[in-house]
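Below is one structure; the comments refer to it alone.
Where a number appears in this text, it was derived from the coordinates with a stated rule and is not lab data. These numbers were taken from a predicted model, which means no experiment stands behind them. Counting neighbours? That spans all protein chains shown, and the Cβs are built from the backbone with ideal geometry, glycine included.
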Amino acid sequence: MGTVKSDRLLALLLCVLAQPVLAASIAIDVGHYSEEPGVISARGRPEFEFNLDLAREIEAVLRARGHATRLIGADGGMKDLGRRSRAAQGADLFVSVHHDSVREKYLAPWVHDGGEQRYSDMFSGFSLFVSRENAGLKRSLRCASAIGAALKKADFRPSLYHADPVFGENRPFADKDNGVHYFDHLAVLRHADMPALLFEAGVVVNRAEETKMSDSKVQKQIAISVADGIEACLNKRR
Ligand SMILES: [Zn+2]
């Protein structure tokens, strides 16, 4: 019996070794919910739907690489921010997935599909945010920078306008090169018990960028870059 047991142990060990080394656990938060779906895109699509598509893609890529994931808020019913943080408990990293707008005064009307919508083609690109009130700031920043760097490598560009006092909201840069800003009071980041970051994938009030963000190949590439960044920063690459 002893030998059988140790054979089993050996088999179990080999099985564990065949898995990615130290697979991480990532909480992927779908920004907003059905009743308050966030930004309305240039063609009238709610941000929540963009966030859900991309969050699912990010989840698929991370799972395929052997990481554990939880998708938070996918049913569109998660109004309570506290529930999001609680649902993420125990994860190594919290990533909140969003799509961006611009300041109200830069939006102009246009007609799409017979309906009046609002757009601005002034700004485009991704941005990342971390909070200095999050207990895991150092790793949050490292992950945000690594995701920004991976996106740049795949030819995406940081928007940078959030740091501008006129065009944006004067958010200080945490890592300008990689499009990372401080957004200290952002509740979903400061209340997270683990390293946390918020990712604005692109500006969907920009008509060309909305088209790009709606392309499943682009979504897939963004998801790959996000996963590359996460693996680099958590130092848990296979
Ligand atoms: Zn949002």
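Just a few scattered comments:
- Pick from the range 32-46, criterion more than 13 Å from H99 (Cβ to Cβ) and over 17 Å from the mean Cα position of the chain (by Cα), ranking: nearest to the ligand (Cβ to nearest atom): E36
- Single residue of E231, E133, E210 found to be more than 16 Å from the ligand (Cβ to nearest atom), under 26 Å from Y33 (Cα atoms) and acidic (D, E): E133
- The range 79-100, residues that are crowded, with 22+ Cβ neighbours inside 10 Å and within 16 Å of the ligand (Cβ to nearest atom): R84, F94, V95, S96, V97, H98, H99, D100
- In the range 62-78, the residues that are surrounded by fewer than 21 Cβ atoms within 10 Å (Cβ to Cβ) and in a helix (DSSP H, G or I): R63, A64
- Test for K105: is it without any contact (Cβ under 8 Å) to a residue 12 or more places away in the chain, more than 30 Å from Q89 (Cβ to Cβ) and assigned to a helix (DSSP H, G or I): yes
- Candidate set from the range 127-158 (those that are in contact with a Gly (Cβ under 6 Å, 6 or more places away or on another chain) and part of a strand (DSSP E or B)); member that is nearest to D193 (Cα to Cα): L128
- The one condition from (1) within 27 Å of K220 (Cβ to Cβ); (2) surrounded by fewer than 22 Cβ atoms within 10 Å (Cβ to Cβ) that P109 does not meet is (1).
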